[in-house]
Amino acid sequence: MNGSMTTFSFRALFATLAASTFCVSTVQSQSVSISLQPAYHGIPIYAAQEFGWFEEAGLNVTISFYSSGAPQIAAAVENSTWDMGILGSVPAVLGGEQGIVTVGVNNDESAVTEIVGARRVTEWPPSELSEGIFGATASSTGELLLLECLLAAGINFTADNIQYGSQAELVTLLEDEEISYASLWSPNTYAYREANRNSEVFCNGADLDFPILGGIVVRDEWAQADPSLVARVLAVYLKAVGFMQNKENLDAVIELSRDFYEFSGVPQVSN
């Protein structure tokens, strides 16, 4: 991260963050494009949109979805497709070398990022390794977890043992038993395990005390142009996080979560 952006992130941004919620009535509406994945950390953005909190803050927000962090970063770097994004720590770090700057850490998904097996797979670690026995999404926290679990299990693997695909592709490969293990994150892992009740979970980040963090990132050029705009978006995001953390809102949050996953086009689970 360059020095000027560091100054932006920790001075200009947070100096205006608190004030931003008190001045919105006088601020002209500004457009912001936010990119998400169909994952839990995107729900506060959806909630803020549904409740009109962005509009109240003078923000005209559009939301786009990506299946994982690598194509999400590529869209911003190559085409400036979005202004702010929420994604995993691995693509956030990779984006840091391409003009994408992390301005916040949202949640730890170590308990809901898992190594799951195909229906008839019960062995861990596997006694024999074959080509493409493991599945992961490239340049993701899911891939990071897979590597950590393999190392923790003492598995002497090579690159040939790992097959890469999107989360949806990995689910299909598991169901067709073309791979034996895959790294899936929420809600994909829940949907897969509900549809395949005999599948087992062999490793997750919580088991290894291995944090799997998500990040809030911005395009450097966009953020430098108006740090106060970044602060206003984050202020609304934090308002939505506070709403979700309030236990009195649990029923509403569950309903919002279901609506969000339907809106983002991912498989639903019954509970």
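Of the solvent-accessible surface of the chain, computed with a 1.4 Å probe and all protein chains present, 50% belongs to carbon and sulfur.
Counting only protein chain heavy atoms and rolling a 1.4 Å probe, the accessible areas of Met84, Met244 rank, largest first, as Met244, Met84. The calculated P(r) of the stretch 113-271, using every Cα pair and 10 Å bins from 0, goes 9, 31, 30, 20, 9, 1 in percent. The heavy atoms of Arg258 present about 110 square angstrom of accessible area, all protein chains included, probe 1.4 Å.
Compared with the alpha-carbon gap, the fully stretched path from Ala74 to Ala138 is longer by 21.7 nm at 0.36 nm per residue. Whole-percent P(r), the stretch 150-241, all Cα pairs, 5 Å bins from 0: 2, 9, 15, 15, 14, 11, 9, 10, 9, 4, 0. Classify the stretch 17-146 from the C-alpha gyration tensor, please: rounded if a/c falls under 1.5, else prolate or oblate depending on whether a/b exceeds b/c. It comes out prolate by the Cα gyration axes.
In this simple spin-label model, placing a label point 7 Å from the Cα along the Cα-to-Cβ direction at both Ser31 and Asn156 gives a separation of 5.8 nm.
Rounded to the nearest 5, what % of DSSP beta bridges with both residues in the chain are antiparallel? Within the chain, antiparallel bridges account for around 60 percent of the total.
Which shape class, rounded, prolate or oblate, goes with the stretch 205-254 when its Cα gyration tensor gives a ≥ b ≥ c as root eigenvalues, a/c under 1.5 marks rounded, and past that a/b bigger than b/c marks prolate? Intermediate values should be presented prior to the final figure.
Working: a/c = 4.21, a/b = 1.32, b/c = 3.18.
The shape class here is oblate.
Per residue, the accessible area of the chain comes to 47 Å² when a 1.4 Å probe rolls over the protein heavy atoms.
The values are calculated or read from the model by the stated rules, or taken from the named source; none is laboratory data. Only a predicted model underlies this, so the values are computations on that prediction, with no experimental measurement involved. For neighbour counting, all protein chains shown are included, and Cβ atoms are generated from backbone atoms with ideal geometry for every residue, glycine included. Protein only, heavy atoms only, side chains kept; ligands, DNA and RNA dropped before computing areas. Shrake-Rupley method; radii C 1.70, N 1.55, O 1.52, S 1.80 Å.
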